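Trainee: What follows is a structure written as structure tokens; I'll ask about it next.
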Amino acid sequence: QVQVVESGGGLVQPGGSLRLSCAASGSIFSINAMGWYRQAPGKQRDLVARVSRGGNTNYADSVKGRFTISRDNVKNLVYLQMNSLKPEDTAVYYCNTSPISGGYPWGQGTQVTVSS
């Protein structure tokens, strides 16, 4: 079954850290760059971090210096290490290919809530 499964979200205080994981099935993972996206209530889903097949990374300005994306090409996993979290990072986080075209059906995502 072609799918992605995100995990690792939760409730964290401002300044805290979380590590998200994404398990991806099939060959789509091995031939594509992967990204982490997020969608806050009432807003569009945006790309926040991207990692190429070879490990090159790109970040949205809003998370640069705080988030780190990585991938394990043997286990078909993508990670997002999030440090110095802010309330504005609150959103549902999803992983998928980057660009989206030819990627996975969207998973359930994992909720990240940053609040004191």
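The values are calculated or read from the model by the stated rules, or taken from the named source; none is laboratory data. Bear in mind that the values here come from a model prediction, so they are computed numbers and not experimental data. So basically every Cβ, Gly included, is an ideal-geometry build from the backbone, and we count neighbours across all protein chains shown. With ligands, DNA and RNA removed, areas are computed over all heavy atoms of the protein, side chains included. Shrake-Rupley method; radii C 1.70, N 1.55, O 1.52, S 1.80 Å.
Trainee: Among ASP89, ASP61, which is at pLDDT 95 or above and loosely packed, with under 13 Cβ neighbours inside 10 Å?
Mentor: When all the criteria are applied, what remains is ASP61.
Trainee: Still on this structure, I have one more. If VAL5 satisfies every condition in (1) open to solvent by 20 Å² or more (accessible area, probe 1.4 Å); (2) touching a residue at least 60 places away in the same chain (Cβ under 8 Å); (3) under 19 Å from PHE67 (Cβ atoms); (4) assigned to a strand (DSSP E or B) but one, which is the exception?
Mentor: (3)
Trainee: How many residues, within segment 27-42, are open to solvent by 50 Å² or more (accessible area, probe 1.4 Å) and either within 21 Å of TYR104 (Cα to Cα) or touching a strand residue (DSSP E or B) at 6+ places or on another chain (Cβ under 6 Å) (or both)?
Mentor: 4
Trainee: Kindly check whether there is at least one residue in segment 67-77 that is surrounded by 16 or more Cβ atoms within 10 Å (Cβ to Cβ), touching a Leu at 6+ places or on another chain (Cβ under 8 Å), among the β-branched types (Val, Ile, Thr) and under 15 Å from LEU18 (Cα atoms).
Mentor: Looking for residues that are surrounded by 16 or more Cβ atoms within 10 Å (Cβ to Cβ), touching a Leu at 6+ places or on another chain (Cβ under 8 Å), among the β-branched types (Val, Ile, Thr) and under 15 Å from LEU18 (Cα atoms), one finds at least one in segment 67-77, hence yes.
Trainee: Run down VAL48, VAL78, VAL92, VAL63 and say which single residue is in contact with a strand residue (DSSP E or B) (Cβ under 8 Å, 6 or more places away or on another chain), over 18 Å from GLN108 (Cα atoms) and not acidic (Asp, Glu).
Mentor: Answer to the check: VAL63.
Trainee: So, in segment 9-26, of the ones that are under 23 Å from ASN56 (Cβ atoms) and of a type in the set (Gly, Ala, Ser), which residue ends up least open to solvent (accessible area, probe 1.4 Å)?
Mentor: ALA24
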